1. Look at residue 582 and say whether it is free of Cβ contacts under 8 Å to residues at least 60 places away in the same chain, out of contact with any Gly (no Cβ under 6 Å at 6 or more places or on another chain), of a type in the set (Phe, Trp, Tyr) and loosely packed, with under 10 Cβ neighbours inside 10 Å.
2. Under 7 Å by Cβ, and 6 or more places apart or on different chains, what pairs join a residue from the range 13-28 that is assigned to a loop (DSSP other than H, G, I, E, B) with one that is modelled with pLDDT of 70 or more?
3. Taking the stated definitions as given, is residue 540 closer than 30 Å to residue 158 by Cβ, part of a helix (DSSP H, G or I) and of a type outside the set (Lys, Arg)?
4. Could we say that residue 328 is surrounded by 16 or more Cβ atoms within 10 Å (Cβ to Cβ) and at negative phi here?
5. Within the range 520-530, is even one residue within 18 Å of residue 439 (Cβ to Cβ), surrounded by 13 or more Cβ atoms within 10 Å (Cβ to Cβ), in contact with a helix residue (DSSP H, G or I) (Cβ under 9 Å, 6 or more places away or on another chain) and of a type in the set (Gly, Ala, Ser)?
6. Can you pull out the residues in the range 306-325 that are at pLDDT below 85 and either open to solvent by less than 80 Å² (accessible area, probe 1.4 Å) or not in a helix (DSSP H, G or I) (or both)?
7. Spot the failing condition for residue 344; the list is (1) of a type in the set (Ser, Thr, Tyr); (2) over 22 Å from residue 288 (Cα atoms); (3) at pLDDT below 85, and only one is missed.
8. Would you say residue 500 is modelled with pLDDT of 90 or more and either open to solvent by 20 Å² or more (accessible area, probe 1.4 Å) or under 23 Å from residue 121 (Cα atoms) (or both)?
Amino acid sequence: VAMSTREQIRAVRDLPMNFEEKKRIRWVLTLGQLRIIRTIVMCQSPTITPKICCGAVLQQRELFPQFFRRFGYSLRSARQTLQLWQGTMKEIGGKFGTSVLTYFLFLKWLLMFNILSFLINFGFVTIPLLVYDHTPDVPAAVSFRGLEILTGAGYFNYTAMYYGSYSNETLAGPVEYNMQLAYFFTISLYMVKMLVVCFCSLCPSPCSMAKSFKKNYVLADPASSSAWQLLCTWDFTITNERAVRQRKNNLCVQLKVNESLSEKAQREMLTLSEKLRHFGIHLGSWLLSTSLAFGCGISIYYLYTASWSPQQEAETLLVPFVVSLMNLVIPLFYSLFNKFEIYSSHRKQIYALVLRNVLLKMSILAVMCYYWMNVVAVKFSCWESMVGQALYRLVIIDFLFLMLGSLFGEFLSNVIGTKYLPRLGVPEFDVARNVLELIYAQTLAWIGIYFSPLLPVIQILKFFILFYVKKVSLIQNCQPPRRSGRAAQMKTIFIALLFFPSFLGALSIVAYTAWSLTPSEQCGPFRGLNNSFSAIGDWIADLEEKTPGSEWSVWIYENVIKSEVFYFFISLVVIITIYIFWQVTEGRKLLIVQLRQQIVNVSVLKPIQ
């Protein structure tokens, strides 16, 4: 019986056969696509008249929609295949669950950020300098010795790696290029772009952090979430046995969240003395962890004061070594608190550990930034390049410690847990600690973008190598988590920590440097100015003199950009907007509670009726 393509597909779907047999029958039916190709080749022959060609095409007209639809599916599949680490992500998610997969997705996301930063800085700042001056101005007595890879000083100090190598002149050529404006606007526009991303994350949008927060915290229902995972998350397109096994393991790991949710009832069973004892343990742990964080920050300040000597290149590695050692050892000490503290849920335990680690890392970074801005900027000439070198060393030494922690720390834990102390077992992958290490590394890159425009290159190489090292260490040395948190909620918290305090702290440092600190008089694009922002004032004054009709831009600069009232109104609008959305969220929470109570009341009254 002659049937159209759509009728053939519908008939195949109704057959009482399994999926593989239906797929084979449909493939046989679609062999007619070969006739389309033969028809096209035939029409290209000079011996075939247009009338015969059109007749052949009309005979195959029903197969053309299916042909183009399958071609579109092939292009979409090829695009997914070309995505970075797509297959690796599926393998990790299948073996270790979405909570561990969150770390690798977060790493990939940060890698894209740094690639964007590198392209912007390299395209608008570094390339014009290299076109104007092909070779770096390196003294004859300075040569590359290899130690510069660790210290960032020596030969690198005379290259385009750091702030001091960039000119303050207007580059002559087919088009005049003002390096002061290029440097200022490139850094400023990149930071503003990141600020816009942050603001969009705080406002309700289809892909915002606020929407994720509302979905995973405000509107989250444990029972319905578990039922949805069990009944609606299976991918029925999977036919490979290995893929089915990975998907089943992934679903099993996600359903382990229910075990931690049942622990909430334990709080109601505690006596008053037990509650007081738990409160005392929590208070002591927080006092001890806070004291450790501030103590580490103060010790770094005094270590900087005693050991900062730019002339001794090898000694400059002492401070970044101690900082990385603190970031490695102190979080392990914090994890011992879990042996004594008792939380009602595993998620609260993770959040407490995250907050303590954030406090530690931000305390150390705040002390180092204070020293750079208030001591190095006053005592040394070309201090911006020295700060860039310090950030370069922190990034490199932190990368080495991450490698050692993955290759030896997790490896030794696996050997000890499997051969010598079996009760310890195979170590689990600590998602919270590893993500915080990524946030710390990205904070260094954001702070250093002003002092070292090419620092994102180091960050790209670092994240790229780190992905494969963590993947190998995860597969060889770690096991899937026995108690996993909700991956979506963890991702929301990590994104929030990335923007506050990480990005906002870095933005504050860069803004303070541009607005308040006096640039070096001997190097850099802003030499001879009171501050970096003065380059805009000089440009506006020059524009007013040489360009007629530019009064409107001068008025905007004087009455809007330099006005504190303008920024006050912007802050006021943002606060009012956040308050309105918060009230809307509170109203929806109350409405959801009332609707759920109505459902309960109806289910109770229905049997009576």
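The values are calculated or read from the model by the stated rules, or taken from the named source; none is laboratory data. Quick caveat: nothing in here was measured; it's all calculated off a predicted structure. Please note: Cβ atoms are built from the backbone with ideal geometry, for glycine as well, and neighbour counts cover all protein chains shown. Areas reflect the complete protein model, heavy atoms only, side chains present, ligands, DNA and RNA absent. Shrake-Rupley method; radii C 1.70, N 1.55, O 1.52, S 1.80 Å.
1. In short, no.
2. Close Cβ pairs (under 7 Å, with a partner that is modelled with pLDDT of 70 or more) amount to 15/22.
3. So residue 540 does not fit the description; no.
4. yes
5. no
6. Matches in the range 306-325: 307, 308, 309, 310, 311, 312, 313, 314.
7. (2)
8. Criteria not met by residue 500.
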